[in-house]
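So the structure is just underneath, and the comments pick up after that.
The values are calculated or read from the model by the stated rules, or taken from the named source; none is laboratory data. Since the model is a prediction, treat every value here as computed from it, not as a measurement. Neighbour counts run over all protein chains shown; Cβ positions are idealised from the backbone, glycine included. What goes into the accessible areas is simple: the full protein's heavy atoms, side chains included, and nothing from ligands, DNA or RNA. Shrake-Rupley method; radii C 1.70, N 1.55, O 1.52, S 1.80 Å.
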Amino acid sequence: MRNLSAAVLVAGATMIAGQAVAADLPYYPPVIEIPDVDYGYSGSFYLRGSAGLNLMWAHRVNHPTATPSTYSITEFGYGYSIGAGAGFETGTGLRFDATYDYLSNNGMTAAIDDGAGPLVEGNHSLSLRSSVLLANAYYDFSFNDSGYGAAGGAFGYVGAGAGVAFNNATVTDPNGATSHSENTSLAAAGMVGVGYDFGQVVADVGYRALYINRIQNTTAAYPFSVDDNWVHEVRGTVRYRFN
């Protein structure tokens, strides 16, 4: 009995002493580390590659030495384009790049009917090979609540570009005779599309309206020009970011 009482007294004294010592110690709350929020890639340089299919159309072809001097385009041309470029995105939704595209289009046709004139009557078709250099600006907007820019996930974009087209054209008349020409022209573009931001890789598909101001041959026996050419393209693009 004496031993049990002594043990109880020792235990009580120990608890009281422990509380007194604990009261004198400073209190440090536990540190909880919260990971940084990933707002996606920003301030990134990137490389890009594109490929697409196209249709080309213009209203008329001009033959200044023939009578009449203008003839209507009757059929679309069709073809493809491939391209590459490099650019920078600011992280605010804005991005800029420079692109080079090789464009191929065949079959845009004009119906020539000038009576007893110098031109061969019938359908004359155009084959075009162009190297197109553009400086472009875009705005990406998110489809979720992540704010401006793509910032991961699905997004849409609009854009515009301006530059130059180096054209190599071949015209084939109804008899199979051909004439070749080269010229340099103003070019411009408007773009709209949707895509998905995977992080370091971004993929999109979109529409581009490419404007080529003039395709012409001034040295042929019967010179011609085709003004205000519109190339309507559906393109897929992949971008690779460097951080």
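Does TYR80 fit the bill of being surrounded by fewer than 20 Cβ atoms within 10 Å (Cβ to Cβ), aromatic (Phe, Trp, Tyr), in a strand (DSSP E or B) and out of contact with any Leu (no Cβ under 6 Å at 6 or more places or on another chain)? First the steps, then the outcome.
Details: surrounded by fewer than 20 Cβ atoms within 10 Å (Cβ to Cβ): yes; aromatic (Phe, Trp, Tyr): yes; in a strand (DSSP E or B): yes; out of contact with any Leu (no Cβ under 6 Å at 6 or more places or on another chain): no.
For TYR80, the condition - surrounded by fewer than 20 Cβ atoms within 10 Å (Cβ to Cβ), aromatic (Phe, Trp, Tyr), in a strand (DSSP E or B) and out of contact with any Leu (no Cβ under 6 Å at 6 or more places or on another chain) - is not met.
Please go through the range 186-220 and pick out each residue that is of a type in the set (A, V, I, L, M, F, W, C) and either in contact with a Pro (Cβ under 8 Å, 6 or more places away or on another chain) or open to solvent by less than 40 Å² (accessible area, probe 1.4 Å) (or both). Walk me through how you get there before you give the answer.
Of all residues in the range 186-220, those of a type in the set (A, V, I, L, M, F, W, C) come to 186-189, 191-192, 194, 198, 201-203, 205, 209-210, 212, 215, 220.
The answer is ALA187, ALA188, ALA189, MET191, VAL202, ALA203, ALA209, LEU210, ILE212, ILE215, ALA220.
Can you tell me which of (1) open to solvent by 40 Å² or more (accessible area, probe 1.4 Å); (2) under 25 Å from GLY93 (Cβ atoms); (3) not charged (D, E, K, R) is the one THR172 doesn't meet?
Against the list (1) open to solvent by 40 Å² or more (accessible area, probe 1.4 Å); (2) under 25 Å from GLY93 (Cβ atoms); (3) not charged (D, E, K, R), THR172 comes up short only on (2).
Within the range 83-105, can you find the residues that are over 23 Å from TYR139 (Cβ atoms), without any contact (Cβ under 8 Å) to a residue 60 or more places away in the chain and open to solvent by less than 50 Å² (accessible area, probe 1.4 Å)? It would help to see each step written out before you state the result.
Of the residues in the range 83-105, the ones over 23 Å from TYR139 (Cβ atoms) are 102-105.
Still in the list and also without any contact (Cβ under 8 Å) to a residue 60 or more places away in the chain: 102, 104.
Of everything in the range 83-105, just one residue is over 23 Å from TYR139 (Cβ atoms), without any contact (Cβ under 8 Å) to a residue 60 or more places away in the chain and open to solvent by less than 50 Å² (accessible area, probe 1.4 Å), namely SER104.
Checking the condition under 20 Å from SER225 (Cα atoms) and among the acidic types (Asp, Glu), which residue from ASP101, ASP113, ASP97 passes?
Working: ASP101 fails: under 20 Å from SER225 (Cα atoms); ASP97 fails: under 20 Å from SER225 (Cα atoms).
Matching residue, one of ASP101, ASP113, ASP97: ASP113.
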